[in-house]
Structures are given as C-alpha cells and as structure tokens.
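Scroll down for the structure; my scribbles are underneath it.
The values are calculated or read from the model by the stated rules, or taken from the named source; none is laboratory data. The model shown is predicted, which means the values in this text are computed figures rather than measured ones. Heads up, the Cβs are rebuilt from the backbone with ideal geometry, glycines too, and the neighbour counts pull from every protein chain shown. Ligands, DNA and RNA are excluded from the accessible area calculation, which covers all protein heavy atoms including side chains. Shrake-Rupley method; radii C 1.70, N 1.55, O 1.52, S 1.80 Å.
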Amino acid sequence: QVYVEESGGGLMQAGDSLRLSCVTPGLNLDSRGMAWFRQAPGKDREFVASLWRETDSPVYADSVKGRFTVSRDNAKKTGYLQMNSLKPEDTALYYCAVSKRDTIASDPAARRTYTYWGPGTQVTVSS
C-alpha cells in the first residue's frame, strides 16, 4: 500500500513561496502524529515542522520559524507545508512523516517517533 506521498516540490528562486502536500491514502490521521523533515546534499535528515494533531499548536525548527507554516486536514488525509521567503539553504529533499496510532508526542522532532515516510519531494532554491 501507499501510506504517505509528498508532492509540490520544484525549482524555485530565492524569495519565492511554495506549498508542499502530503497525502496519506493508507492512514487515518485522526490518531497519528505528523511532521516534515528535510535532507540537503551532504547533510543529515533534519526536523522542519510538526503539527502533531490537527488541533495542536505547530512546532518549527529555528531555521524556518516565521517563514514556514504547517497545517493538516484530517478529513482529507492531507498535510501541508507552506514555505515562504525561500532561501537557497532550504534546498533539500522534503519528507512527510507519520507516526503509528496513538503514539504519544514525547519527541515530535525525532525521526524515531515516526514509522511511515513518503519518498520525498525535491525543493531546489536558486539565488
């Protein structure tokens, strides 16, 4: 089954805006945490943002605070990452991650918290 799949990436210029989508056709999001990670060339995969539950407050990495906005629509089985004021440093393969059912949010920013990952969508930002 396809559990998670990202889309919306592309080749952008600095200052542009872009919205990524994450569909979870095989997962009901009502009881699952969700987050976004990214991995740039030569770097480790890092946390970007999380909206653990639809009604929770979002959490952001310092590098994207004030520029990115995470949201989700459980009824549509879809999560979103709105990226504004893109910088070349944002260039990376962006992943959507979803937890197992009823997982407690002990560490929403940790990769080990999540079980289901999409294949990623590439975002490239030129100067």
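Counting lysine pairs in the chain that sit 8 or more residues apart in sequence, or on different chains, and whose Cα atoms lie under 29 Å apart gives 10.
In this structure the stretch 9-127 gives 50 Å² per residue of accessible area when probed at 1.4 Å with all protein chains present. Ligands, DNA and RNA left out, the 1.4 Å accessible surface of the stretch 61-120 is 46% carbon and sulfur atoms.
Other residues within the sphere of radius under 10 Å centred on the Cβ of TYR114, judged by their own Cβ, net out at +4 (K and R +1, D and E -1).
Distances between placed amide hydrogens fall under 5 Å for THR103 paired with GLY33, all partners being 5 or more residues away or on another chain.
Couplings 3J(HN,Hα) for the stretch 18-25, derived from phi with the Karplus relation 6.51 cos²θ - 1.76 cosθ + 1.60 (θ = phi - 60°), are 7, 10, 9, 10, 9, 9, 10, x Hz, where x marks Gly and Pro.
Across the stretch 68-76, computed HN-Hα scalar couplings (Karplus, 6.51 cos²θ - 1.76 cosθ + 1.60, θ = phi - 60°) run 9, 9, 9, 8, 7, 9, 4, 4, 8 Hz from first to last residue, x flagging Gly and Pro.
Taking Lys and Arg as +1 and Asp and Glu as -1, the other residues whose beta-carbon sits under 13 Å from that of THR124 total -1. Taking amide H positions as modeled 1.01 Å from N, with prolines and chain starts lacking one, the residues under 5 Å from ARG72 and 5 or more places away or on another chain are TYR80. Across the chain, C-alpha contacts under 8 Å between residues 6 or more apart give a mean separation that, scaled by the residue count, equals a relative contact order of 36 percent.
Its relative contact order, with pairs defined as Cα atoms under 8 Å and 6+ residues apart, puts the stretch 1-55 at 29 percent. When every Cα-Cα distance of the chain is counted in 10 angstrom steps from zero, the calculated P(r) takes the values 14, 50, 30, 6, 0 percent. Scan the stretch 46-127 for trypsin sites (Lys or Arg not before Pro) in coil per DSSP, keeping those whose Cβ has at most 13 other Cβ atoms within 10 Å, and list them by number. Loop-located and lightly packed - LYS65, LYS100, ARG101.
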